[in-house]
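Scroll down for the structure; my scribbles are underneath it.
The values are calculated or read from the model by the stated rules, or taken from the named source; none is laboratory data. Nothing here was measured: the structure is a model prediction, and the numbers come from that model. Cβ placement follows ideal geometry from the backbone for every residue including glycine, while neighbour counts extend to all protein chains displayed.
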Amino acid sequence: MGKEHELGPQNVGAAVPFNTQVFPESYTYDYIIVGGGTAGCVLASRLSEDPTVSVLLIEQGPVADTWASRVPAMSANLYSTDSVAAQWWSLPLSHVNNRSLGLIRGEALGGTSRINSMLYTRGPPGDYNQWQALGNDGWSYEDLQPYFIKSENARTHREAKHRGKNGVWQNRQFGTPQYRSVFLVQRALEDIGICTYPDLNSPEMPSAAQGTLDVTQDDSYHRHSTNRAFLPPQLIRERHDRLKICAETLVTRVALCTEGDEVRAVGVHFEATNPRKAWKRYFAKVRREVVLCSGALGSPQILMCSGIGPKEHLSEKGVPVIRDVPAVGAYLQDHIGVPLTYEVPLSESLHQLEANPLKALQEFIKYLLTGRGMLSHPFQEASAFVPTWLLKDDCSLPIVDLRELDATVPENRADLELMHLGNNCTDADIPGKGLSTLLPTLIRPKSQGSVRLATSNPRARPDVDLGYFTDTEDYVPLRKGVRLALRVAADVRKQGYPLQDLIVPTGTSDEEIDQFIRTNLRTCFHYTSTCRMGAAVDGERPSVVDTRLRVHGLKGLRVADASVFPEIVCAHTMAPVVMVAEKCAVMMKEEAQYIS
Ligand SMILES: Cc1cc2nc3c(=O)[nH]c(=O)nc-3n(C[C@H](O)[C@H](O)[C@H](O)COP(=O)(O)OP(=O)(O)OC[C@H]3O[C@@H](n4cnc5c(N)ncnc54)[C@H](O)[C@@H]3O)c2cc1C
């Protein structure tokens with residue numbers, strides 16, 4: 001994106017106070033999108049396809065689209081000084097030794113797709129058939145597959161009907177994993193009874209399967225974040241008259257106008273993200289709709305700062321209540337991972353790049369010249385999906401009736417993902433060693449948390465309670481997952497591989513494993529469902545948005561990001577978020593056509 005198209009708040013909004021009688025037309029937009037993250041970039045791109053509409057996209061982070069920010073291994077390094085990852089602590093987890101966990105999201109154009117592990121997983125059809133079963137018509141897998149296909153340009157699996165070939169967002173599967181241990185883990189899982197499946201995004205994949213993951217990388221092996229895919233520089237240049245992208249700008253609230261019983265979004269208030277420049281406040285007006293795409297931690301915060309949320313909580317924080325919507329910020333879900341850490345030869349681990357500057361330089365040059373090598377590889381190359389209730393005591397998966405593995409049926413979906421990574425996934429500092437992780441992860445958690453305002457100040461990070469183990473049934477599959485990882489590690493050793501225990505359970509009783517889980521669990525950063533979709537504001541399943549993603553009881557306000565998932569999916573969440581944004585754009589265009 002050229003510097004001339006990088007706009008600040010003063011370029012796109014009227015300084016407050018302004019004269020409402022003569023509000024400048026140039027600061028009035030058909031659509032305003034709040035949050036230029038994973039979903040926001042998709043929506044901005046799709047809505048601005050229509051040359052007759054104007055779109056304003058506001059992102060609190062910078063554009064910062066440098067070469068290094070597209071190199072897979074560099075951009076996923078959350079601890080580098082250039083990283084656009086924002087980090088803060090969750091509230092202490094009352095069921096997990098009062099531990100606070102580090103929360104992370106990407107704050108830049110492209111949002112979390114700028115910093116994540118680039119894994120492209122749609123999730124089994126049963127995820128969406130479950131959404132539909134919860135009363136969300138139009139959200140079954142059959143309804144949604146066309147939206148997955150629409151975005152996608154799959155560089156591998158091109159023969160498959162369910163994969164997109166003409167979309168703008170590229171993904172690929174790496175042919176050969178870079179570490180020997182990946183093969184050995186796969187062999188151990190096969191011995192246990194978990195088959196290797198060629199395409200983990202196939203709707204026909206059984207619920208117990210393993211394989212190599214797809215990653216969102218383009219033909220130059222660069223990270224293909226949603227800003228790069230959906231808002232490439234040329235598109236921004238071509239549409240600069242109707243698509244305004246305003247970075248480093250924080251939306252503080254949605255402006256709402258009440259007329260009789262009707263409450264309507266009429267615009268947004270914003271200011272520079274940099275606190276030193278924030279003394280000036282701005283306002284932009286909307287003709288049709290405001291869409292919140294601020295993610296599962298951001299969208300509920302903006303709603304609450306605007307007076308839409310649980311009445312008692314807003315009153316306690318001194319925010320005037322416009323609409324009592326109890327589900328705002330409630331029902332937070334996330335995947336819970338428990339890393340088992342092993343020492344491996346340094347050459348079998350990503351940490352060789354830190355420990356050996358010459359190797360790092362070689363790999364850097366290799367990437368510059370060929371786009372290949374360690375800097376191009378994802379941290380995680382393979383995964384296994386496992387319905388743990390089918391595992392025997394020795395962790396083997398017996399041959400079962402294939403109907404039990406039909407993942408189009410919601411009940412059959414795997415509840416565990418066993419990830420395998422060539423790096424340290426704990427906070428422990430273990431310098432100079434080669435490290436490898438087996439990461440059993442609960443992907444159908446029953447526990448729920450919440451996002452609440454810490455204060456009414458929109459600059460303050462929200463209070464996030466991840467709520468892990470508020471439902472103790474979550475121990476059952478996780479325990480099995482830890483035991484499965486231990487069995488896989490033992491089998492890998494039997495194959496002659498030098499895998500040495502570093503951070504693993506000290507015993508195998510339930511108590512010892514539960515203690516290990518509490519001490520070592522981590523978030524997988526897959527926050528969802530804090531503005532969940534559903535039929536009604538109250539009743540059995542209170543929700544925030546309807547099936548067209550409109551906030552219940554309000555006009556001109558939608559939400560489209562991970563927060564609207566009716567339930568978390570059994571997969572990494574980025575591809576489903578993009579699908580939600582694609583569907584949202586189509587629905588908005590249909591409605592605009594109908595109105596005109
Ligand atoms: C470290 C990490 C690794 C991950 N790895 C994977 C993976 O490999 N595969 C996968 O599928 N998923 C992965 N995920 C999860 C996935 O990336 C996210 O679920 C998804 O990108 C979320 O998309 P979103 O649009 O809902 O939110 P985001 O992409 O987070 O976008 C929200 C945007 O809104 C902006 N914003 C928030 N508040 C405001 C405000 N008040 N004003 C203006 N702007 C605002 C933010 O700055 C941000 O850019 C990972 C997540 C993390 C953190």
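Just one of the numbered conditions (1) assigned to a loop (DSSP other than H, G, I, E, B); (2) in contact with a Ser or Thr (Cβ under 9 Å, 6 or more places away or on another chain); (3) within 16 Å of the ligand (Cβ to nearest atom); (4) not acidic (Asp, Glu) is not true of Leu418; which one?
Result: Leu418 passes all but (1).
Kindly list the number of the only condition in (1) part of a loop (DSSP other than H, G, I, E, B); (2) touching a residue at least 24 places away in the same chain (Cβ under 8 Å) that fails for Leu435.
(1)
Those residues that are surrounded by fewer than 17 Cβ atoms within 10 Å (Cβ to Cβ) and of a type outside the set (Gly, Ala, Ser), I need them from region 434-462; list them, please.
Listed by number, the residues that qualify are Lys446, Thr455, Asn457, Arg459, Arg461.
All but one of (1) within 14 Å of the ligand (Cβ to nearest atom); (2) assigned to a loop (DSSP other than H, G, I, E, B); (3) under 21 Å from the mean Cα position of the chain (by Cα) hold for Thr426, so report the exception by its number.
(1)
Hey, does region 257-267 have a residue that's of a type in the set (Ser, Thr, Tyr) and in contact with a Gly (Cβ under 8 Å, 6 or more places away or on another chain)?
No, every residue in region 257-267 fails to be of a type in the set (Ser, Thr, Tyr) and in contact with a Gly (Cβ under 8 Å, 6 or more places away or on another chain).
As an exercise: evaluate His269 against (1) closer than 30 Å to Val53 by Cβ; (2) without any contact (Cβ under 8 Å) to a residue 40 or more places away in the chain; (3) touching a Ser or Thr at 6+ places or on another chain (Cβ under 8 Å) and give the number of the one condition it does not meet.
With (1) closer than 30 Å to Val53 by Cβ; (2) without any contact (Cβ under 8 Å) to a residue 40 or more places away in the chain; (3) touching a Ser or Thr at 6+ places or on another chain (Cβ under 8 Å) applied to His269, the lone miss is (2).
Go through (1) more than 16 Å from the ligand (Cβ to nearest atom); (2) basic (Lys, Arg); (3) at pLDDT below 95 one by one and return the number of the condition Arg264 breaks.
The number of the failed condition is (3).
For Gly61, work out the one condition from (1) more than 10 Å from the ligand (Cβ to nearest atom); (2) within 22 Å of Val577 (Cβ to Cβ); (3) assigned to a loop (DSSP other than H, G, I, E, B) it doesn't fulfil.
Of (1) more than 10 Å from the ligand (Cβ to nearest atom); (2) within 22 Å of Val577 (Cβ to Cβ); (3) assigned to a loop (DSSP other than H, G, I, E, B), only one is false for Gly61: (1).
Restricting to region 200-220, count the residues that are assigned to a loop (DSSP other than H, G, I, E, B) and under 21 Å from the mean Cα position of the chain (by Cα).
7
Going residue by residue through region 56-79, is there one that turns out to be hydroxyl-bearing (Ser, Thr, Tyr), modelled with pLDDT of 95 or more and buried (at least 22 other Cβ atoms within 10 Å of the Cβ)?
No: region 56-79 contains no residue that is hydroxyl-bearing (Ser, Thr, Tyr), modelled with pLDDT of 95 or more and buried (at least 22 other Cβ atoms within 10 Å of the Cβ).
Determine the pairs where a residue that is over 18 Å from Leu213 (Cα atoms), located within region 161-174, has a partner that is part of a strand (DSSP E or B) with Cβ atoms under 7 Å apart, the partner being 6 or more residues away or on another chain.
As it stands, the answer is Asn166/Asn153; Gly167/Glu152; Gly167/Asn153; Val168/Asn153, since those pairs meet every condition given.
Based on what the data block shows, is Leu200 within 16 Å of the ligand (Cβ to nearest atom) and either among the hydrophobic types (A, V, I, L, M, F, W, C) or in contact with a Ser or Thr (Cβ under 6 Å, 6 or more places away or on another chain) (or both)?
So Leu200 fits the description; yes.
All but one of (1) part of a helix (DSSP H, G or I); (2) within 16 Å of the ligand (Cβ to nearest atom) hold for Met587, so report the exception by its number.
(2)
Counting only residues that are of a type in the set (Gly, Ala, Ser) and assigned to a helix (DSSP H, G or I), which one in region 105-130 is nearest to the ligand (Cβ to nearest atom)?
Going through the qualifying residues, I end up with Gly111.
Exactly one condition in (1) of a type in the set (Asp, Glu); (2) in contact (Cβ under 8 Å) with a residue 12 or more places away in the chain; (3) over 29 Å from Asn201 (Cβ atoms) is false for Asp393; which is it?
(2)
Here's a check for you: in region 9-58, which residue that is outside any strand (DSSP E or B) and β-branched (Val, Ile, Thr) is nearest to Ser83 (Cα to Cα)?
Out of the qualifying residues, it is Thr38.
Write out, first by first residue and then by second, each pair whose Cβ atoms fall under 8 Å of each other, whose residues are 6+ apart or on separate chains, and whose first residue, in region 65-86, is in contact (Cβ under 8 Å) with a residue 12 or more places away in the chain while the second is away from the ligand (no atom under 15 Å from the Cβ) and not in a loop (DSSP other than H, G, I, E, B).
If the second residue must be away from the ligand (no atom under 15 Å from the Cβ) and not in a loop (DSSP other than H, G, I, E, B), the pairs left are Val71/Tyr367; Ala73/Leu353; Met74/Ala68; Ser75/Ala68; Asp82/Ala68.
Pull out all pairs, ordered by first then second residue, where Cβ-Cβ is under 9 Å, the residues are six or more apart or on different chains, the first lies in region 355-366 and is among the basic types (Lys, Arg), and the second is loosely packed, with under 14 Cβ neighbours inside 10 Å and in a helix (DSSP H, G or I).
Lys359/Ser347
Among what's in region 441-457 and is of a type outside the set (S, T, N, Q) and touching a Leu at 6+ places or on another chain (Cβ under 7 Å), pick the residue that is farthest from Gly298 (Cα to Cα).
Leu442
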